[in-house]
Amino acid sequence: MTTTSPHFDGRLLTPGSPGYDAARTVWNAMIDRHPRMIVQAASVTDVVAAVRLARELDLEIGVRSGGHNVAGHAVPANGLMIDLTPLNGVRVDAIRRRARVQGGALLGALDRASQPYGLATTAGNVSHTGVGGLTLGGGMGWLARQHGLACDNVVSYTMVTADGQVVTARRTENPDLYWGLRGGGGNFGIVTDFEFQLHHTGTQTLVAEFDFRAEDAVPVLEGWRDLNAVAPRQATFTADVQSTASGPIATVGFVWVGDPAQGHRLLPAMRALGRPIAERVTTPSYLQLQQRDDTVGGHAYRRYSSAHYLRRFPTAAIEAFLLRGASDLHTGAHLANVGLQAHGGAIADVADADAAFSYRGTMFEFGAGSRWTEPSEDDIRMAAARGAGAALDPYADGVYVNSIAADEGQRGVRRAYPAAKLARLTALKTIWDPHNVFHLNHNIRAKGQRRTR
């Protein structure tokens, strides 16, 4: 049953409690773990008490913000989940262009609070993603080419440490921790509060998409790639390949945040790439743009993905992208969907050494993803995503830490951070979490540590 502990402002859930199963359900139906208890934290004091309780009972700690991590790190089997969902407040100071965002807030809450003032900050592509997980890994979004990653816009963090202390990190206070939280994931503690810099973005956008048959798409993608190299920062170029009843379709286009009339100037060059079988040009509001990739009932899907950063995208890589790991364009009923999103602009303006986030020279982020409902398809679906990812291996240089595959382990961590940066992160981990209390993540181990438990 649900119990209200005198130690918690929120709720303590145990197996069988109302709300227990909903709280342990995350964005991947393959994750079906049962924590011994779930603390739904309603205050920073709750988070401190939960960390101390877990350590007293020698329980693994999982931390849930939006629950979007496909690996299911938030859900510790027979451990203690700290559910930050009740800590979801957002306060906007429109004069100072700042937002204070609690660790359990979703990106949509940040957008809804800031957009009435024509303000925003980089906040992913899906409104029901958690602010905390996205930002601690770096935080890509439609504003990143204009204003940097989400982590580049964090002014300060409030964090609960492994020994239950509450600390602040900013450039002038605990600067090494501030460096590590900007891309180092949840390795150092539980962030309960973010202060973001906001920007005058307006409320308008433009989305342009052009569909081509995959067999006709090599020269189209070559031209799209070359246009990306000279595109204004308001434009984020995108491409994807999906299976349809009539065969594989390659879609190229861009998302423009700002005055749609200016975005229309790119359309003639896009239309000159070839003769599409379909064209879509829309002008959603920024809030609508942020919600267009939302998935209703998405927790019911089983999921697996593979990803890379690409510094270059030669013709051979384009061909591999279109094939998706298959031997020909029309082979395989369960091929993964693949996509590209452009980096550059303000992302690359920040020196790579300035934060834990790495590979700022990336041209495109590549992702291959499968989602399905039948457990009997697990092996074939995961193999398809791995195959699509492996096809781009020769052109890869690093990976986004939030996109490391669930089963990559330390190999994925080494892909996410160059050796020198990983050494600095290891030293930081040794200071802030020497016993690796926070290891249910893409884990950076403390110095001398060989395993987590």
**Request:** Using only the alpha carbons of the chain, determine the length spanned along each of the three principal axes and report them from longest to shortest in whole angstroms.
**Result:** 66, 54, 44
**Asked** Taking a ≥ b ≥ c as the square roots of the eigenvalues of the Cα gyration tensor of the stretch 253-304, is the shape rounded (a/c under 1.5), prolate (a/b larger than b/c) or oblate?
**Response** oblate
**Asked** Tell me, what is the Rg over Rh of the stretch 49-98, with Rh the Kirkwood radius over Cα pairs?
**Response** 1.18
**Asked** For q = 0.23 Å⁻¹, what log10 I(q)/I(0) does the stretch 208-302 give under the Debye formula with an equal point scatterer on each alpha carbon and no solvent?
**Response** -1.22
**Prompt:** How large is the helix-only mean residue ellipticity at 222 nm for the chain, computed as the sum of -39500 (n - 2.57) over DSSP H runs with n ≥ 4, divided by its residue count, in deg cm²/dmol to the nearest 500?
**Reply:** -7000 deg cm²/dmol
**Complete:** Kirkwood calc, the stretch 89-180, C-alpha pairs only, radius in angstrom 13.7
**Request:** Output the Cα-based Rg and Dmax of the stretch 309-390 in Å, rounding Rg to one decimal and Dmax to a whole number.
**Result:** 15.6, 46
**Message:** Placing unit charges on C-beta atoms (Lys and Arg positive, Asp and Glu negative, everything else neutral), compute the dipole magnitude of the chain about its Cα centre in debye, rounded to 20.
**Reply:** 800
**Neighbourhood net charge (14 Å Cβ-Cβ; Lys/Arg +1, Asp/Glu -1) for Ala396** = +2
**Global form of the stretch 375-453, assessed from the alpha-carbon gyration tensor, a/c cut-off 1.5** = oblate
**Complete:** Listed by chain and number, the residues whose amide H is under 5 Å from that of Arg371, excluding neighbours fewer than 5 places away on the same chain and using placed H, are none
**Request:** Keeping all protein chains in place, calculate the accessible area per residue for the stretch 320-453 (probe 1.4 angstrom), answer in Å².
**Result:** 43
**Message:** Distance between the C-alpha centers of the stretch 362-378 and the stretch 256-272? Whole Å please.
**Reply:** 30
**Prompt:** For the stretch 1-75, how big is the tail of P(r) above 20 Å, as a whole percent of Cα pairs?
**Reply:** 28
**Fill in**
With all protein chains present, the chain has a carbon and sulfur share of its accessible area (1.4 Å probe) in percent of 51
**Size of electric dipole in the stretch 142-247: Cβ of Lys, Arg +1 and of Asp, Glu -1, about Cα centre, debye, nearest 20** = 300
**Request:** Would you tally the net charge around Ala42, using a Cβ to Cβ cut-off of less than 11 Å, leaving Ala42 out, and scoring K and R as +1, D and E as -1?
**Result:** -2
**Asked** From the square roots a ≥ b ≥ c of the eigenvalues of the alpha-carbon gyration tensor of the stretch 299-436, which class results: rounded (a/c under 1.5), prolate (a/b over b/c), or oblate?
**Response** oblate
**Item:** Within the stretch 156-225, trypsin sites (Lys or Arg not before Pro) in DSSP loop having at most 15 other beta-carbon neighbours inside 10 Å
**Value:** Arg171
**Message:** I'd like the Kirkwood hydrodynamic radius of the stretch 196-247, using the inverse of the mean 1/r over distinct C-alpha pairs, in Å.
**Reply:** 13.8
**Asked** How big is Rg to Rh over the stretch 1-129, alpha-carbon atoms, Rh as the Kirkwood inverse-mean-distance radius?
**Response** 1.02
**Prompt:** Which semi-axes, in whole Å and largest first, does the equivalent ellipsoid of the stretch 231-283 have when worked out from the alpha carbon gyration tensor as the square roots of 5 times its eigenvalues?
**Reply:** 23, 12, 10
**Message:** Taking the Cα centre as origin and putting +1 on Lys and Arg beta-carbons and -1 on Asp and Glu beta-carbons, what dipole magnitude results for the stretch 11-75, to the nearest 20 debye?
**Reply:** 60
**Complete:** Amide H contacts under 5 Å for Met30, restricted to residues at least 5 apart in sequence or on another chain and with H modeled in the peptide plane, are Arg303
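The values are calculated or read from the model by the stated rules, or taken from the named source; none is laboratory data. This structure is a prediction, so every number in the text was calculated from the model and none was measured. We place every Cβ from the backbone using ideal geometry, glycine too, and count neighbours over all the protein chains shown. Just the protein is used for accessible areas: all its heavy atoms, side chains included, with ligands, DNA and RNA removed. Shrake-Rupley method; radii C 1.70, N 1.55, O 1.52, S 1.80 Å.
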